[in-house]
Amino acid sequence: PSMQNISGRSQLEADLQQSLHISRVIVTSGDSDGQPWVKKEMSRACVSEMIQTLRTDDVVAVAGGTTLATLAESVSPHPNLQHVTFVPARGGLGENVDLQSNTICAALARSANAQYRLLHVPDQLSDLAYESLTQEPGIQELLNLIRSPRMVIHSVGDAHTMATRRNADEKKLERLKTCNAVAESFGYYFDGNGNVVQKEKTVGLQLDDLGEGQKVITMAGGASKAEAIIAYMTYRPSDLLITDEGAAEAIKASI
Ligand code: F6P
């Protein structure tokens, strides 16, 4: 897409706010699909939002993925972040360790010189082990923090891309296709109408936990994520969407 000037991007922001019913949208220049520096731009916008919003003792739940990994690299110490506690939004989702929310949570807190807690729950658990582990007082206490944070920062991915990245087998890919899954976030898969159609088994934040008390920031860019962003925002419009021109123009063209 062409590089828009600032007023072009403000127009895109207004268009997306209206069509996706999101309180606030920030559109950075470029397209993160082919331009890695664009995730840094989106991260800078997110860091300034964190600094403006967060205060002592606030808890922030962060998801995994390459976008959030860039956020972790982009933050630096600030008095408003020092007494904030970062927690992972969900346990493992079958991802490479570098992209797991635990890893990103620790990296983010270290770059910000802030506090963090990690969730040590293995990915593949029997129902029985899962039940008893989540009854452990230490895990319960952490889950309570994770499930009612002040702020949630996450990304949204294309369903097929995410399932493949998590090494889903043919059967699973077929099932996702059959139920028209187009988007994924927090381990949930959504169809084009914003309905949850599948869920990965993992502990942590549940979509139902998201309410008025949480400021939800969605960071997702790249034209290839347009459909996924629309689907997720149809499920639940976030308080702030930070995206890029590539995604914003593709979203505008398809709604
Ligand atoms: O797997 C964690 C996760 O946050 C997913 O929920 C999301 O779809 C994905 O990462 C986004 O990854 P990326 O930022 O690499 O596109």
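The values are calculated or read from the model by the stated rules, or taken from the named source; none is laboratory data. Predicted model only: the values in this text are computed from it and were never measured. Positions of Cβ are backbone-derived with ideal geometry, glycine not excepted, and every protein chain shown enters the neighbour counts. Heads up: the accessible areas ignore ligands, DNA and RNA and are worked out on the full protein's heavy atoms, side chains in. Shrake-Rupley method; radii C 1.70, N 1.55, O 1.52, S 1.80 Å.
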What are the residues in the range 134-185 that are touching a Gly at 6+ places or on another chain (Cβ under 6 Å) and under 19 Å from Gln124 (Cα atoms), if any? Arg166
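Is it the case that Thr218 is assigned to a helix (DSSP H, G or I), of a type in the set (Ser, Thr, Tyr), under 26 Å from Ser19 (Cα atoms) and touching a residue at least 40 places away in the same chain (Cβ under 8 Å)?
no
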Going through the range 199-222 one residue at a time, which ones are farther than 26 Å from Cys46 by Cα and open to solvent by 40 Å² or more (accessible area, probe 1.4 Å)? Lys199, Lys201
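Looking at the range 32-46, can you tell me whether even one residue there is of a type in the set (Asp, Glu), in contact (Cβ under 8 Å) with a residue 60 or more places away in the chain and part of a helix (DSSP H, G or I)? Give the derivation first.
Applying the first criterion (of a type in the set (Asp, Glu)) to the range 32-46 yields 33, 41.
From what's left, in contact (Cβ under 8 Å) with a residue 60 or more places away in the chain: 33, 41.
Subset that is part of a helix (DSSP H, G or I): 41.
Yes, the conditions are met somewhere in the range 32-46.
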When restricted to Ile51, Ile6, Ile26, Ile22, the only residue of a type in the set (A, V, I, L, M, F, W, C) and more than 27 Å from Arg150 (Cβ to Cβ) is Ile6
For the range 52-75, enumerate the residues that are of a type outside the set (Val, Ile, Thr), assigned to a loop (DSSP other than H, G, I, E, B) and within 20 Å of the chain's Cα centre (by Cα). Leu54, Asp58, Ala63, Gly64, Gly65
Output for the range 1-31, where each listed residue is modelled with pLDDT under 95, assigned to a helix (DSSP H, G or I) and of a type in the set (A, V, I, L, M, F, W, C): Ile6
Just to verify a result, which residue in the range 11-31, among those that are in contact (Cβ under 8 Å) with a residue 12 or more places away in the chain and among the polar types (S, T, N, Q), is most open to solvent (accessible area, probe 1.4 Å)? Ser23
What tally of residues in the range 119-162 results from selecting those that are within 16 Å of the ligand (Cβ to nearest atom), farther than 24 Å from Ile217 by Cβ and in contact with a helix residue (DSSP H, G or I) (Cβ under 8 Å, 6 or more places away or on another chain)? 2
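Taking the range 169-210 on its own, how many of its residues are on the phi < 0 side of the Ramachandran plot and either away from the ligand (no atom under 13 Å from the Cβ) or free of Cβ contacts under 8 Å to residues at least 40 places away in the same chain (or both)?
Counting residues in the range 169-210 that are on the phi < 0 side of the Ramachandran plot and either away from the ligand (no atom under 13 Å from the Cβ) or free of Cβ contacts under 8 Å to residues at least 40 places away in the same chain (or both) gives 29.
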Those residues of the range 133-173 that are within 16 Å of the chain's Cα centre (by Cα) and more than 25 Å from Leu108 (Cβ to Cβ) come to a total of 2
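How do the helices (runs of 4 or more DSSP H) wholly within the range 81-171 filter down when requiring 2 or more residues that are modelled with pLDDT under 95, surrounded by fewer than 18 Cβ atoms within 10 Å (Cβ to Cβ) and small (Gly, Ala, Ser): which remain?
Passing ranges, in order: 127-135.
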Going by the conditions given, is Gly213 free of Cβ contacts under 8 Å to residues at least 40 places away in the same chain and either part of a loop (DSSP other than H, G, I, E, B) or of a type in the set (Gly, Ala, Ser) (or both)? no
